[in-house]
Amino acid sequence: MENNTATIKNDFVLENGSEQAQEPTPFLSINDESISLEKAIFYYLRRNSGLWLRVIDEIKRQYALEKELEQKPEVRATKRTVNRTIGDIQIQTNMLNPNLFNKWLQNQYISYDDFYSQIALSIEIDRFKTQIVQDEEKLKQYFEARKYDLAGIVLSRIVVETKEEGENIKQQLDAEPGRFEQLAQEKSIADDKVMGGWMGVIRRSRLPKHIQDAIKEACSSQKIIGPILSEDRYAILRVDKVLEASLDNESLKQELRNEMFENWLRDKLKTINVSMA
């Protein structure tokens, strides 16, 4: 696989026995004034130092992947595989017409060669990722460690402005739990009031920590808790159901494999030293 890498360096020429720096190579022009790549990067990063750290992290990531792929000739994508994948993309996006496809490439500011390289790299990374996370036993162990957080919680809610309102509604529900949907439609200020406060299925790990803690013991169906402070408002929550996670779910299995790969890559990046020239 060809390496499409960019380097920033200083070029020197000999003149009268001494070295003299050349003018930086233009990267783009603004109002007919040439802007070097170094200057463009400076403009892009100078207002956000945190962005520079993210750029470095991405460079490390791409470097690590490139080095790993260089040692894995068995994952390299053939021209036939890449062309077939590009053809599938064109079919899925209704861009079989060459003119339409070329126009799309232009709108994406990418050449066909660069697009081809991106597809080839994507195929190779997917194959490499499969090698890293194909151990089913490790997948099961990882799943078991995450199983609690992966559970789906079916929630309904009533959202009000003040804690006093919430406590009043909670008292009514303690006396008549069956009125939850009615009170949600009458009292809640959230958009889901029209559904009787039904929020649907939410993964436990995606709930705010304080709400996770509040519902931790509420595993029985129809358990009502609150009022709980949530985004400057107060919510009375009903735990309608807890859906245990299962590896029979193929999309979840793929998600966990992706997480395992990212964890592996994160550990790999810790071994890479970066120094500024």
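The values are calculated or read from the model by the stated rules, or taken from the named source; none is laboratory data. All values derive from a computational prediction rather than experimental measurement. As a convention, Cβ positions derive from the backbone with ideal geometry for all residues, glycine included, and neighbour counts pool all protein chains shown.
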Q. Checking Asp192 against (1) of a type in the set (D, E, K, R); (2) more than 28 Å from Ser251 (Cβ to Cβ); (3) buried (at least 17 other Cβ atoms within 10 Å of the Cβ), which test does it fail?
A. (2)
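Is it the case, given these coordinates, that Ser156 is surrounded by 11 or more Cβ atoms within 10 Å (Cβ to Cβ), among the polar types (S, T, N, Q) and either touching an Asp or Glu at 6+ places or on another chain (Cβ under 8 Å) or within 30 Å of Arg179 (Cβ to Cβ) (or both)?
Values: surrounded by 11 or more Cβ atoms within 10 Å (Cβ to Cβ): yes; among the polar types (S, T, N, Q): yes; either touching an Asp or Glu at 6+ places or on another chain (Cβ under 8 Å) or within 30 Å of Arg179 (Cβ to Cβ) (or both): yes.
Yes.
Check Leu173, Leu183, Leu139 and return the single one that is in a helix (DSSP H, G or I), surrounded by 13 or more Cβ atoms within 10 Å (Cβ to Cβ) and assigned by TED's automatic domain parsing to the domain that holds Leu256.
Working: Leu173 fails: assigned by TED's automatic domain parsing to the domain that holds Leu256; Leu183 fails: assigned by TED's automatic domain parsing to the domain that holds Leu256.
Sole residue among the options that is in a helix (DSSP H, G or I), surrounded by 13 or more Cβ atoms within 10 Å (Cβ to Cβ) and assigned by TED's automatic domain parsing to the domain that holds Leu256: Leu139.
For segment 92-114, state whether one or more residues are in a helix (DSSP H, G or I), in contact (Cβ under 8 Å) with a residue 60 or more places away in the chain and under 25 Å from the mean Cα position of the chain (by Cα). If you could, list the steps in order and put the result at the bottom.
First, pick out the residues of segment 92-114 that are in a helix (DSSP H, G or I): 92, 98-107, 112-114.
If we keep only those that are in contact (Cβ under 8 Å) with a residue 60 or more places away in the chain as well, we get 114.
If we keep only those that are under 25 Å from the mean Cα position of the chain (by Cα) as well, we get 114.
Taking every residue of segment 92-114 in turn, at least one turns out to be in a helix (DSSP H, G or I), in contact (Cβ under 8 Å) with a residue 60 or more places away in the chain and under 25 Å from the mean Cα position of the chain (by Cα).
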Q) Among Ile189, Ile225, which is assigned to a strand (DSSP E or B) and more than 27 Å from the chain's Cα centre (by Cα)? A) Ile225
**Q.** Odd one out for Ile272 among (1) closer than 28 Å to Ile59 by Cα; (2) more than 22 Å from the chain's Cα centre (by Cα); (3) loosely packed, with under 12 Cβ neighbours inside 10 Å; (4) not hydroxyl-bearing (Ser, Thr, Tyr)
**A.** (3)
Q: Given the conditions (1) surrounded by 12 or more Cβ atoms within 10 Å (Cβ to Cβ); (2) at pLDDT below 95, report the number of the one that Ile119 does not fulfil.
A: (2)
Q. Of (1) at pLDDT 95 or above; (2) touching a helix residue (DSSP H, G or I) at 6+ places or on another chain (Cβ under 6 Å), Glu165 satisfies all except one. Which?
A. (2)
